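Just so it is clear, none of the values below were taken in a lab; they were calculated from the coordinates. Just so it is clear, the structure is predicted and the values come from calculations on it, not from any experiment. Here the Cβ positions follow ideal geometry from the backbone for every residue, glycine too, while neighbour counts run over all protein chains shown.
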Amino acid sequence: MITLPVFFFLYHALVIVGLSLVTVSRRNPVHSVLFMLIIFFHIASLYLFLNAEFIAAIQIIVYAGAILVLFLFVVFLLDLRAEEHADKYSMSQPAGAVLALSLFAVLASTMRGFVLGPHGIYGIEKITEMTHTKAIGTVLYTKYLFPFEVASVVLLVAIVGAITLAKRHTKS
Amino acid sequence: MKALLETLISPGSFDIIINIGFIFGKIVIVVSVVMLAVALAPYFERKVIGHMQVRMGPMRVGPHGILQPIADALKLFFKEDIIPAESDKVIFFIAPVITMFGAMTSLAVIPWWKSFAVADINIGILFIFAMSSVGAYGIVMAGWASNSKFSFLGGLRASAQIISYEVAMGMSLVGVMLLSGSLNLSEIAAAQAGEGLFFFKNWYIFPQIIAAGVFFLSMLAETNRTPFDMPEAESELVAGYFTEYSGFRFSLFFVGEYIAMFVMAAIGVICFLGGWSGPGPSIVPLQLLWFVLKLCFVMFLFFWIRATVPRYRYDQLMAIGWKVLIPLALLNIVITATLKII
């Protein structure tokens, strides 16, 4: 039974999985980063499909706009010519394959245990009425305020740590 | 598969097709008008800068050089397309397309008058930020794929600059979002509408003067314009990231840059100068007229600055962004939020 939504989801799922494989198998890291960019767009599109427009925009702004550009900077610092002639897989490839396949088997076996959870109060009607941004803000700053603040403190620690490390180098 | 086909030919799908056709029509109108404006903008720019420097500007092609854009476009079309040896061809080809794509998709959410935007979405501002960060990929990829030192340095400078100033720009608009209570560009513009003699009293440029200043400076940096045009500083980097591009591929970058200027100017107009609001009755032709006039004014500011101010050094650019503009924008958020609660 392939209806339009199912077709839409299948397309995205196939493209995301397929491009993930392409991303990890490229010899040139810059090409990997570009394929990852396309994956991010498809993930954002899936969020849109779920009426989560705010998260879709943030997915592009934060992941594509900031984090992936950082990846690009790091990749630019590599010696790409040496990278292209190096062996595609490291010595531990067989061990990695066994590990990955067994993890996949474990995950696949738990698939049957999936139970559809109960619907929350934020259904499509409610989201369209109060807009997704407002809904997320309301939940984030009331129900989940404490975890949210804890997360920001953790991020602050990371920032301070990075600055301290960089400062130590400039002094010595 | 059968169900999919049935959905496609069911009675309701006819409305969907009509709807899609309607959206396509809007896209064609907006893109063709903007492309015409983009063709005229460099002419306007050369004239403005020329007169500011007591020259005439382009005068040869047509009366007062008005046909200069057509001559330039023809020249670019027929130039030889040079691809550097050892360049990464695929990325070299798609980089200008990505830049154009990032700039042109942003046009979709801009409300030209009260009820006209190709896509009137709830996250208009965020969409524009997302698309402008995509445009940065075109620039950095062009720099890398050209396999040239000048291009590479230009690309790195551009991406670092765009990422840094995007933070300041995003934060400067938070004040506007707080005041209007929406991320939808149409609603932001509607919140500033006013009547009568003091039609401009609700414009956010007055309560948000700090944010408007921060936004204007980051707008210049985001679009790589003077005084922040380090990525294409001709005395150091030849032409920066598009040094190796020629002919039509070069013109894609050129057009992308001007569309990005248009988009940024439109955001400035919508968020600080009241969008399509103005004196007189609130009818569509007048709304469009006010919007276009304000847009032209902000574009003129771009050119004015280019004719007036020398280029900054790169470390100065980064210092201004991180040590001045971002703290100012944060301060503005604190002040606006406090006033809003009181």
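Observations, loosely collected:
- Membrane-span-like helices in chain A (whole DSSP H runs, Cα extent of at least 24 Å along the helix axis, mean Kyte-Doolittle hydropathy of at least 1.0): A:4-25, A:29-49, A:93-110, A:145-171.
- Per-residue extension of 0.36 nm, minus the Cα-Cα distance of A:TYR144 and A:LEU21, leaves a gain of 40.7 nm for this segment.
- q = 0.06, 0.11, 0.13 Å⁻¹, the protein assembly as shown: log10 I(q)/I(0) [Debye, one scatterer per Cα]: -0.33, -1.15, -1.56
- Cβ-Cβ distance of B:PHE93 and A:PHE9, R₀ of 35 Å, FRET efficiency by 1/(1 + (r/R0)^6): the value works out to about 0.65.
- Think of chain B as a dipole: +1 on every Lys or Arg Cβ, -1 on every Asp or Glu Cβ, centred on the Cα centre; then among B:CYS271, B:LEU293, B:VAL255, B:LEU293 lies furthest on the positive end.
- Dipole of segment B:76-190 computed with +1 at Lys/Arg Cβ and -1 at Asp/Glu Cβ about the Cα centre; of B:ALA189, B:GLY135, B:ALA160, farthest Cα towards the positive end is B:ALA160.
- MRE, 222 nm, helices only [DSSP H, n ≥ 4, -39500 (n - 2.57), over chain B, to nearest 500]: -22500 deg cm²/dmol
- DSSP H segments from chain B that extend 24 Å or more along their own axis, Cα-based, with Kyte-Doolittle mean of -1.0 or above: B:12-52, B:89-106, B:124-145, B:149-180, B:247-272, B:284-308
- Charge dipole (Cα centre; +1 on Lys/Arg Cβ, -1 on Asp/Glu Cβ; no other charges) of the protein assembly as shown amounts to roughly 660 debye.
- Measure of compaction for chain B (Cα Rg per 2.2 N^0.38 Å): 1.06
- Peptides A:53-62, B:34-43, B:204-213 ranked from most to least packed by the mean count of surrounding Cβ atoms within 10 Å: A:53-62, B:204-213, B:34-43.
- Given charges at Cβ of Lys, Arg, Asp, Glu: chain A dipole, positive-most of A:TYR122, A:PRO94, A:LEU48: A:PRO94
- Residue pairs, from the table A:LYS134/B:LYS294; B:LYS26/B:LYS201; A:LYS126/B:LYS201; A:LYS167/B:LYS323; B:LYS47/B:LYS149, whose Cα atoms sit over 27 Å apart: A:LYS134/B:LYS294; B:LYS26/B:LYS201; A:LYS126/B:LYS201; B:LYS47/B:LYS149
- Within 10 Å of the Cβ of each residue in A:56-64, the mean number of Cβ atoms contributed by other protein chains is 5.
- Inter-chain shielding of B:113-124 (mean C-beta neighbours from other protein chains, 10 Å cut-off): 2
- For chain B: relative contact order, % (alpha-carbon pairs under 8 angstrom, 6 or more apart): 22
- Inter-chain neighbour count for B:136-149: the average number of beta-carbon atoms from partner chains within 10 Å of each residue's beta-carbon is 2.
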